[in-house]
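Notes to accompany the following structure.
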Amino acid sequence: RIVVLRPQFSGTARRREAAAGFAERVGMPFDYHFDNATPEVLYCLELIAQVLPEMELPVRTMYRRQTILPDDVVAEAAVQRSKLKLVGYFRGAPDTWALADRAALITDLSDWWQRARLRRASATGA
């Protein structure tokens, strides 16, 4: 699955500023702990949050770390509670791909998390 999101900028100047912010961070080490509290190393969504704070990406605490999950970002865009616009949702299979709509994205996310909860419950014997 691939989701394409586009930030909504306030103008050309802000777009240029953002591009410069991304360029300044090229070559920074990757944050394998996905921890927002370590600005000297970055993971993909932390980079976006630093350069585009106005996008207000959803932050959650996991394993005592503040982090941003891709699923949370996509879910907010899917239900139009984000400053990121859903441009496209593509479903892939081994031999093909197809463009799907917003409703399919919401359903797919919901189904995936439901299956994950069932797997977790099964693994813990609940």
Remind me, relative contact order of the chain in percent, using alpha carbon pairs under 8 angstrom and six or more residues apart? 26 percent
Among [x] 1.04; [y] 1.01; [z] 0.96, the entry derived from the coordinates for Rg/Rh (Cα atoms, Kirkwood Rh): [y]
Computed FRET value (nearest 0.05) for F90 with W112, which takes r as the C-beta separation and R₀ as 22 Å: 0.90
Each residue of region 47-60 in order: what ³J(HN,Hα) in whole Hz does its phi give by Karplus 6.51 cos²θ - 1.76 cosθ + 1.60, θ = phi - 60°, with x for Gly and Pro? 4, 4, 4, 5, 7, 10, x, 5, 6, 6, 4, x, 10, 9
Note the full-extension length gain between A103 and E56 as 0.36 nm times their separation in residues minus their Cα-Cα distance, in nm to one decimal. 14.6 nm
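Quick note: the coordinates plus some simple rules give every number you see, no bench work behind them. As the structure is a computational prediction, the values presented were derived from the model and not from experiment. Every residue, glycine among them, receives a Cβ derived from its backbone with ideal geometry; neighbour counts consider all protein chains shown.
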